[in-house]
Each structure stands twice: as structure tokens, then as C-alpha cells.
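The values are calculated or read from the model by the stated rules, or taken from the named source; none is laboratory data. What you see is a predicted model; the values in this text were computed from it and never measured. Cβ coordinates were reconstructed from backbone atoms using ideal geometry, including for glycine residues, and neighbour counts include every protein chain displayed. With ligands, DNA and RNA removed, areas are computed over all heavy atoms of the protein, side chains included. Shrake-Rupley method; radii C 1.70, N 1.55, O 1.52, S 1.80 Å.
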Amino acid sequence: MADLLRYDDQVVVVTGAGGGLGKAYALFFASRGAKIVVNDLGGSFKGEGGGSKAADVVVQEIKAAGGEAVANYDSVENGDKIIETAIKAFGRIDILINNAGILRDISFKNMTDKDWDLIMAVHVTGAYRTTRAAWPHFRKQKFGRVINTASAAGLFGSFGQANYSAAKLALVGFTEVLAKEGAKYNIVCNVIAPLAASRMTETVMPPEVLEQLKPQWVVPLVAVLTHKSNNHENGSIFEVGGGHVAKIRWERSEGLLLKADESYTPGAVLKQWNKVTDFSNPSYPDGPNDFLGLLEKSMKLGPSEQ
Ligand code: NAD
């Protein structure tokens, strides 16, 4: 059954589809019947320059294989123009893969405003603008699938990537909200932290490791999450690469629950610090209301429980 997943007559926009992961997505969806908007600004991995070649080559490859695709060369910062290309060429948009990305790695001490702003503009504002433009179409047709692209750097922090890590975790929060707001319109949004060989990773990993990390190995998960049959996995975070697919979630220690009155001092917290950090009886919070439940418990505590 899984091998039969198809996307006939659906329109898929893939940002940053001129190479790496984006190209793998574009070729896959085209091979399964979708019409593709191949967006790519065509610049360097640091976000400099631009050109039409990267997107054009992928469009040609799709057409040569009998598929349908159009190119778009706008920066994701002008995401409305990318969605406009989909509407003009194909009359609709069904699936949006926010994939475009750049790196401006540098230690925090040496980071400039430009390093920070460019990363935020491409990753965060780019995903926002593109999704914002697709959203009314998704709502109207009561169907939409969105993949945002985070990174292990965002989930866990990575040396020399304060800008990139901050932007990537922002996309997790962005996804969580879209998942909640989109659910009743059958708009499903998930976020992935991929690992794949590309020009972004080829200088930091040895060739034998890169060989195991083909961008194609990220595609099956994205295919499952964006398929019309998926209306249950929504607002989830996945780690994916080299054949490994896993879901990631928040874990909360059982924690310390003190009565919130004058006895709740720094010393009281310090005294039971082991409870704050003990994960032997964890819970898995998945919404802000979950915390309110804890507060109610704290209000009910008597002095003996402090
Ligand atoms: P890549 O450099 O091969 O692909 C990124 C593409 O985005 C490029 O073709 C580039 O031209 C395009 N792009 C850059 N800025 C753009 C803009 N403003 N507008 C439109 N297109 C633009 O790298 P990749 O590894 O395939 O990365 C794809 C995504 O996956 C990125 O968001 C990246 O941060 C993320 N990611 C990749 C890895 C990995 O292991 N490769 C790990 C974590 C996250």
C-alpha cells in the first residue's frame, strides 16, 4: 500500500528545489503524478548571488521524465510570488515543502547583524511568507499539507550556529501553531530535522558517511506526512536521514511542586534540585494548557507537601 502513495493532479511547491533535499522532493512528487513548482534562488550556500540555472535544470529533468513542472527564481522572502507561480501555472496549491535554506556559521562572538538577519530572513520569514500566501488557498479548498524544515542544530544547539539554530527552532513553534490552526480545515503541518549529503554538509562530513546519507532517504517520510491519507500526524517533529525515521517530543521531569507562597524561595528550590532534574517519572507535555493543570495542583498543596 505504502508504495502506492500517489499525488496525481496535486500541485506541490518545493522551495530551494534546485539541489540537495529540495531536488529529491521535487523529482519524487513529479514521479508520483504531481505538478511541481521548482523554486530556487540559485545562490551560494551562504546566501550570496543568484541565478535561474539551479531551478531550470530540475524542471528539465522532470519534464524529460514525462512530468510537469515550472521554475520560480524568487527568494522565499517573496514567498507570495512563489505561490502566485503555482496558481498561474496550475490553478492550485496542495502541498508546500518549506525547504530553502542557507548557512552563515560563525562563533557567536564574531557574529554580525548580517549573519543573523540573513538567516532569519531566509529560514523564518521565508517560510512565513510562503505559507502565508498558500494558507487562504488551503483553507478554501479544505486541504493543505506543509512540511517545515528544522534541524538537529535547532533542537539541540550546535557550536557556531546561534543564528541557524535559533531560526530552525522558530520553525518548530511556527509548525505547532499552524498545525493547531489548520486542523479543522484539513491543513496538516509537520516539521522535520533531516540529515543528508548536500553542499551544506559535504564539507563537514567524511565521504563514507555522506554516501549513507543520500537526500532520497529523507523523501519517504515527507511523502507519508504530505499524503492526503495523513490527517492524524499533525504538528509533529521528526528526525530523518540515512534510513532512520523517528519522532521527537518534549519530556518533562516529574519536577518539584511547591506551594507558591512566601515559603517558595531560591533556597527551597535548591534544597530539592534533584527533583527538578529527575527524569525517572517523566511526562510528555504537548500544549500550554497542560502547564495550567500543574498550577492548579500547586494551588491545592498544603504546607506538609512543601
Ligand atoms: P542545499 O544548499 O543543497 O539546498 C538549499 C537550497 O535552497 C539551495 O538550492 C539554495 O539555492 C536554495 N535557497 C537558498 N536561499 C534561498 C532563498 N532565499 N530562496 C529560494 N531558495 C533559496 O542544502 P540542503 O542540505 O538540501 O538543505 C535543505 C534544507 O534542509 C535547508 O533548510 C537546511 O537548512 C535543512 N537541513 C539540511 C540538513 C542536511 O543534513 N543537509 C540538516 C538539517 C537541516
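What's the magnitude of the charge dipole for the stretch 21-62 around its Cα centre, counting Lys and Arg as +1 and Asp and Glu as -1 at the beta-carbon? Answer in Debye, nearest 20.
Details: 5 positive and 4 negative charges, 29 e Å.
Value, rounded to 20: 140 debye.
Among all the lysines, which ones have a C-alpha under 18 Å from K53's C-alpha, if same-chain residues fewer than 8 places away are not counted?
Of all the lysines, those that pass the test against K53 - Cα under 18 Å, at least 8 places apart if same chain - are K23, K63.
Near the amide H of F238, under 5 Å away, which other amide H atoms are found, from residues 5 or more places off or on another chain, if H is placed in the peptide plane?
The list, which skips near neighbours in sequence, is V191, I192, A193, I248.
Which value, in debye to the nearest 20, describes the size of the charge dipole of the stretch 158-259 about its Cα centre when Lys and Arg Cβ atoms bear +1, Asp and Glu Cβ atoms bear -1, and nothing else is charged? Walk me through the numbers before you get to the answer.
Numbers: 10 positive and 9 negative charges, 76 e Å.
Roughly 360 debye for the stretch 158-259.
Just going by the charge dipole of the stretch 174-301, with Lys and Arg at +1 and Asp and Glu at -1 on Cβ, which of A196, N234, A183 is farthest out on the positive end?
Result: A183.
If you keep only loop residues by DSSP, which GluC sites (Glu not before Pro) in the stretch 25-89 have at most 10 other Cβ atoms within 10 Å of their Cβ? Before the final figure, lay out each step's value.
Details: sites: E48, E61, E68, E77, E84; in loops: E48.
Counting only loop positions with at most 10 other Cβ atoms within 10 Å, the GluC sites (Glu not before Pro) in the stretch 25-89 are E48.
As a test of the formula, what do you get for the chain when each DSSP H run with n ≥ 4 contributes -39,500 (n - 2.57) and the sum is divided by the residue count, at 222 nm and rounded to the nearest 500 deg cm²/dmol?
Working: 12 runs with 121 residues, N = 306.
Estimated from H runs of four or more residues: -11500 deg cm²/dmol.
Taking the Cα atoms of the stretch 192-306, what is the range of coordinates along each of the three principal axes, in descending order and whole Å?
60, 37, 21
Any chance you could give the angle, 0 to 90 degrees and rounded to 10, that helix 20-31 forms with the longest Cα principal axis of the chain?
60
Just reorder H244, H227 by solvent-accessible area, largest first, 1.4 Å probe, all chains present.
On the way: H244 85, H227 15 Å².
Greatest to least solvent exposure: H244, H227.
Once you list every other residue whose beta carbon is under 14 Å from the beta carbon of G18, what net charge do they have if Lys and Arg are +1 and Asp and Glu are -1? Working shown, then result.
Values: positive: K23, K53, R199; negative: D40, D56, E61, D74.
Result for the local shell: -1.
Expressed as an acute angle from 0 to 90° and rounded to the nearest 10, what is the orientation of the C-alpha long axis of helix 126-141 relative to the principal long axis of the chain?
80
To the nearest 20 debye, what is the magnitude of the charge dipole of the chain about its Cα centre, counting +1 on the Cβ of each Lys and Arg and -1 on the Cβ of each Asp and Glu?
On the way: 33 positive and 33 negative charges, 124 e Å.
Value, rounded to 20: 600 debye.
Filter the chymotrypsin sites (Phe, Trp or Tyr not before Pro) in the stretch 204-306 to those in DSSP coil with at most 15 other Cβ atoms within 10 Å of their Cβ, and list the result.
Details: sites: W217, F238, W250, Y264, W273, F279, F291; in loops: W250, Y264, F279.
Counting only loop positions with at most 15 other Cβ atoms within 10 Å, the chymotrypsin sites (Phe, Trp or Tyr not before Pro) in the stretch 204-306 are W250, Y264, F279.
What is the helix-to-structure angle for 288-300, meaning the angle in degrees between its Cα long axis and the longest Cα principal axis of the chain, kept from 0 to 90 and rounded to the nearest 10?
Here the helix axis deviates by roughly 0 degrees.
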